[in-house]
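Read the figures in this text as sums done on the coordinates, not as results from a lab. Here the structure is a predicted model, which is why all the values come from computation and not from measurement. Don't worry about glycine lacking a Cβ; one is built from the backbone with ideal geometry, like all the others, and counts go over all protein chains shown.
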Amino acid sequence: MTFELVFPARKPLAQIPTPLQPLQLTDTPQDKRLWIKRDDLTGAALSGNKIRKLEYVLAQALAEGADTLVTCGGLQSNHCRATALTAAAHGLGCELILRGDKPDNLDGNLLLSAMAGAAYHCYRAPDYHRNLPLLLRQTAERLKTQGKKPFIIPTGASDEIGLWGYIQAAQELAQDFMALGIQQPLVVCAAGSGGTLAGLAAGLGHFCPEAEVLGIAVCDSQAYFEQRVREDIAKAQHVYPQSGLRMPSNYCVNAEFIGPGYAKGYPALYKTIQQLAREVGVILDPVYTGKAFYGIAELMRRGAIAQRDIVFIHTGGIFGVFPEREALQL
Ligand SMILES: *Cc1c(COP(=O)(O)O)cnc(C)c1O
């Protein structure tokens, strides 16, 4: 049973639908069917989960007459890189507020953002955390005095607008499940700013109520993400009262696989990334998808997963491997 949902305006950016493929690893338990949704293939440089969210964010920015996108994240933010390339592709300016010391050499995502012409400003982590709302506001004010029309996108484009990217992805998944005979699946994604998890939970609640969603946290806590998902969906219900969006209860969060902290690795993580590269030619990233995949593989090994069909959402992040070259060496 599905219910009509009314989506907000969307500006196509992503190469979708992405493939949903079976994933055969040497140590996949015999009683499970493992699948991978290739959202790392939503584009080349403009790739990963942020592209789906940016389709709705860009439509809103253009509707408001914006000419400059302003956003924020870590030095190696996939979201900032995606925003910079999106801005370039649409003749918009882009300014990035970044967390971390300015590096001597540009690498990975930051190299691509700089190549796309984004202006970027680096702040040490404590200053960034203390002042982020102020820094965003000041950047927007400065752009306005220069005669520009800035549009601020929050961290990871995880808000009531970006959410729709993964509600739409859930609709796509429901069709995949039907085509491939996938039943009562567990859908697994990394949770960083929470928008992917929130969108999948809300979307599958509508389009595939038998599915459950597991967010594997790469930062913060289980309680943080549970509250975050509720808040973002409540905000979307408020901002889009005619959408028909309902509050889901089909999701849970696991925060056991963060390791030493956000973007900080551990040996089992690097081993998992190596395993997928060698056995199936799929590149996971060390910040998000590597930890999420290690997490679900470990939960399966522990016998903690009841479902037979497990669908891992590959949210992208390939450029994050390059700055980690030392840890990833054999
Ligand atoms: C941002 C990101 C995530 C996390 O998505 P959120 O919606 O921020 O929780 C997962 N994987 C990759 C590669 C990302 O860049």
Place a +1 charge on the Cβ of each Lys and Arg in the chain and a -1 charge on the Cβ of each Asp and Glu, then give the dipole magnitude about the Cα centre in debye, rounded to the nearest 20.
-> 400
Two pseudo-spin positions, 7 Å from Cα along C-beta at residue 180 and at residue 24, lie apart in nanometres by 1.4
From the phi of every residue in segment 147-161, what ³J(HN,Hα) in whole Hz does the Karplus formula 6.51 cos²θ - 1.76 cosθ + 1.60 yield, where θ is phi - 60° and glycine or proline is x?
-> x, 8, 10, x, 10, 8, 10, x, 3, x, 6, 8, 8, 5, 8
Under the Karplus relation with 6.51, -1.76 and 1.60 and θ = phi - 60°, whole-Hz ³J(HN,Hα) for segment 8-19, x at Gly and Pro, equal x, 5, 9, 10, x, 10, 8, 7, 10, x, 8, x
In whole percent, what relative contact order does the chain give with Cα contacts below 8 Å and a gap of six or more residues?
-> 21
Starting from the Cα of residue 264, draw a straight line to each of the lysines and keep only those under 16 Å, dropping any in the same chain fewer than 8 residues away.
-> 291
According to a simple spin-label model (label point 7 Å from Cα along Cα-to-Cβ), what is the distance in nm between residue 63 and residue 221?
-> 3.7
Applying the gyration tensor rule to the Cα atoms of the chain (axes a ≥ b ≥ c; rounded if a/c under 1.5, else prolate if a/b exceeds b/c, else oblate), the class is oblate
Calculated Rg and Dmax of segment 167-262 using C-alpha coordinates, Å = 13.5, 43
Extreme residue, positive dipole direction of segment 50-157, given options 94, 151, 77 (C-beta unit charges) | 151
Do any GluC sites (Glu not before Pro) in segment 212-298 lie in a loop, going by DSSP, with at most 12 other beta-carbon atoms within 10 Å of their beta carbon, and if so which?
-> 256
Determine which aspartates and glutamates satisfy two conditions relative to residue 235: a Cα distance under 13 Å, and not lying fewer than 8 residues away in the same chain.
-> 159, 160
Which of the trypsin sites (Lys or Arg not before Pro) found in segment 99-140 are loop residues per DSSP with 14 or fewer other Cβ atoms within 10 Å of their Cβ?
-> 124
Computed for segment 50-157: size of charge dipole around the Cα centre, +1 on C-beta of each Lys and Arg, -1 on C-beta of each Asp and Glu, debye to nearest 20, value 200
Top positive-direction residue, dipole computed over the chain with Cβ charges, set 197, 15, 239 | 239
Excluding residue 120 itself, calculate the net charge of residues whose Cβ lies under 10 Å from the Cβ of residue 120, where each Lys or Arg counts +1 and each Asp or Glu counts -1.
-> 0
For the chain, what are the DSSP H helices with axial Cα length of 24 Å or more and mean Kyte-Doolittle hydropathy of at least -1.0?
-> 125-145, 163-180, 222-239
If R0 is 56 Å, what FRET efficiency do you get for residue 306 and residue 145 from their C-beta distance, rounded to 0.05?
-> 0.45
Amide proton proximity set for residue 188, modelled H, under 5 Å, gap of 5+ = 214, 311, 312, 313
For the chain, calculated [θ]222 nm from helices alone, where every DSSP H run of n ≥ 4 adds -39500 (n - 2.57) | -13000 deg cm²/dmol
Length gained, residue 101-residue 239, 0.36 nm per residue minus C-alpha separation, equals 46.0 nm
³J(HN,Hα) across segment 250-255 via Karplus (A = 6.51, B = -1.76, C = 1.60, θ = phi - 60°), whole Hz, x for Gly/Pro?
-> 9, 9, 8, 10, 10, 10
In nm, spacing of pseudo-spin labels at residue 230 and residue 329 (7 Å Cα→C-beta vector) = 4.8
State the antiparallel share, in %, of DSSP beta bridges confined to the chain, rounding to the nearest 5.
-> 10
